[in-house]
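Input: a single structure, listed below in structure tokens.
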Amino acid sequence: MTSLLPHQKAKALKPGSRRPAKELCSECGLCDTYYVHYVKEACAFIHQQIGELEQETHGRSRNLDNSDDVYFGVHQEMMAARKTEPIEGAQWTGIVSSIAIEMLNRGLVEGVVCVQNTKEDRFQPMPVIARTPEEILAARVNKPTLSPNLSVLEQIEQSGMKRLLVIGVGCQIQALRAVEKQLGLEKLYVLGTPCVDNVTRAGLQKFLDTTSRSPDTVVYYEFMQDFRVHFKHEDGSTETVPFFGLKTNQLKDVFAPSCMSCFDYVNSLADLVVGYMGAPFGWQWIVVRNQTGKEMLDLVSDQIERQPVMSKGDRRQAVQNSIPAYDKGVTLPMWAAKLMGVVIEKIGPQGLEYARFSIDSHFTRNYLYVKRNHPEKLEDHVPSYAKKIVSQYKLPE
Ligand code: FAD
Ligand code: SF4
């Protein structure tokens with residue numbers, strides 16, 4: 001009889017019980033498995049170790065003298081891309097789902113960790129290990145809610161699977177990398193998306209109720225590069241709301257405390273990251289972090305068109321102005337918000353500069369949040385690249 005590994009003797013925490021990271025828990029799913037054994041070292045909100053894990057995963061950590069490294073993490077290459085035939089119903093053009101399907105079809109992996117939704121609720125996340133292209137397609141489109149993707153990890157070890165792709169956001173991937181060696185895999189591939197401002201299911205309802213004209217029919221939304229939130233409704237219609245018109249005073253508490261204290265917007269530890277914010281409108285933004293990521297992207301090279309990344313404008317004044325406005329919960333009247341949206345879209349930051357705008361705005365906000373709510377964590381929890389980004393701005397007390 002083979003003896004149990006130390007973690008196999010541990011017991012998953014009960015659903016709904018208080019998590020070790022307390023209110024900062026992002027429900028990444030690790031504690032729903034016996035890998036809870038490693039939580040003190042692995043949890044992104046208890047033990048921030050992005051630099052060390054970058055070194056292990058990519059062979060080096062960020063070079064703090066290189067601005068692109070500071071902002072976007074370790075990378076070999078960045079580009080804008082889109083599928084020539086987009087996947088219907090995907091969040092953007094479906095590059096993530098397409099790579100996962102190719103990896104499965106070509107036998108590179110035996111399963112794909114991704115997140116579908118429950119039958120009853122299109123926004124209630126349901127993590128799965130997909131073993132067919134249909135199951136991957138059923139996971140397309142964002143579930144804009146905290147999702148316990150790692151809750152399926154126990155099933156992986158038990159199934160004897162040796163080659164796996166995990167799709168996930170930064171906090172899930174940090175914990176995954178920390179326990180990677182314990183999973184008994186021959187090869188782990190990680191396909192990440194950026195992530196910011198996530199919410200609990202109840203928080204999502206509040207956001208939809210305060211922002212959309214028809215909250216019950218929303219099937220998809222995204223904060224886009226034109227400084228508007230785009231909602232897509234069941235009947236195919238699109239509704240746009242300018243960022244500057246959001247009811248900040250009501251929405252201040254909507255984002256999960258984990259996301260208010262996160263500094264891994266760009267998913268530093270994935271092999272390949274697919275987002276949108278560094279690309280022109282309608283295109284996706286690709287960050288190839290290492291050789292494994294390049295191999296993954298190459299699998300879909302005949303399905304995508306590419307263009308180089310570009311950068312235009314200067315974000316800094318807009319970020320500096322937004323800091324006290326957000327802090328005081330200022331909401332502009334809708335006519336002014338629309339006007340401001342139009343002006344900023346014309347003259348505001350574009351391409352990589354838009355991505356920097358979004359990173360700066362969120363890191364300054366989150367730095368203030370941690371400083372005010374968890375001052376004892378500030379020094380260790382905020383990575384050095386984030387401290388460098390925040391230090392460019394004047395923050396209120
Ligand atoms: P699709 O082919 O539609 O596949 C989407 C994949 O995402 C699926 O495989 C699914 O398993 C996975 N997924 C869905 N919801 C979750 C979840 N809650 N947790 C983990 N995995 C999930 N990009 C930016 O550039 N800037 C942002 O600010 C930004 N914010 C985001 C916030 C959230 C909560 C999420 C989930 C993603 C965010 N992204 C952001 C990424 C972006 O919206 C797209 O997901 C990405 O470009 C992939 O698009 P696609 O069409 O290729 O994906
Ligand atoms: Fe556990 Fe993940 Fe929550 Fe940390 S974030 S306490 S690892 S479930």
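What to note about this one:
- If the convex hull is drawn through the Cα atoms of the stretch 235-301, its volume per residue in Å³: 166
- 3J(HN,Hα) from dihedral phi, the stretch 390-397, Karplus parametrisation 6.51/-1.76/1.60, rounded to Hz, x for glycine, proline: 5, 5, 6, 10, 8, 9, x, 5
- Counting only protein heavy atoms and a 1.4 Å probe, the chain has 44 square angstrom of accessible area per residue.
- Ratio of Rg to Rh over the chain (Cα coordinates, Kirkwood Rh, two decimals): 0.94
- Size of the stretch 101-172 from its Cα atoms: along the principal axes, largest to smallest, the extents are 31, 23, 22 Å.
- Pairs exceeding a 31 Å alpha-carbon distance, out of 40/232; 22/388; 119/206; 11/387; 294/371: 40/232; 11/387; 294/371.
- Principal semi-axes in Å for the stretch 43-124 [√(5λ), Cα gyration tensor, largest first]: 30, 19, 16
- For the chain, the share of DSSP beta bridges that are antiparallel, to the nearest 5, is 75%.
- Solvent-accessible area assigned to carbon and sulfur over the stretch 26-397 amounts to 51 percent, based on a 1.4 Å probe.
- Placing unit charges on the Cβ atoms of the charged side chains and taking the dipole of the stretch 26-397 about its Cα centre, the candidate lying farthest along the positive direction among 208, 373, 153 is 373.
- GluC sites (Glu not before Pro) restricted to the stretch 1-94 and DSSP loop, no more than 10 other C-beta within 10 Å: 88
- 222 nm mean residue ellipticity, helices alone, for the chain (DSSP H n ≥ 4; -39,500 (n - 2.57); rounded to 500): -9500 deg cm²/dmol
- Coupling constants for the stretch 127-137 follow from the phi torsions by the Karplus curve (6.51 cos²θ - 1.76 cosθ + 1.60, θ = phi - 60°), and in residue order they are x, 9, 9, 7, 10, 9, x, 5, 5, 5, 4 Hz; glycine and proline get x.
- When peptides 381-390, 226-235 are ranked by their average number of other Cβ atoms within 10 Å per residue, the highest-first order is 381-390, 226-235.
The values are calculated or read from the model by the stated rules, or taken from the named source; none is laboratory data. Given the structure is predicted, the values throughout are model-derived calculations rather than measurements. Every residue, glycine as well, gets a Cβ built from its backbone with ideal geometry; the counts of neighbours run over all protein chains shown. To get the accessible areas, we keep the full protein, side chains included, count just its heavy atoms, and leave off ligands, DNA and RNA. Shrake-Rupley method; radii C 1.70, N 1.55, O 1.52, S 1.80 Å.
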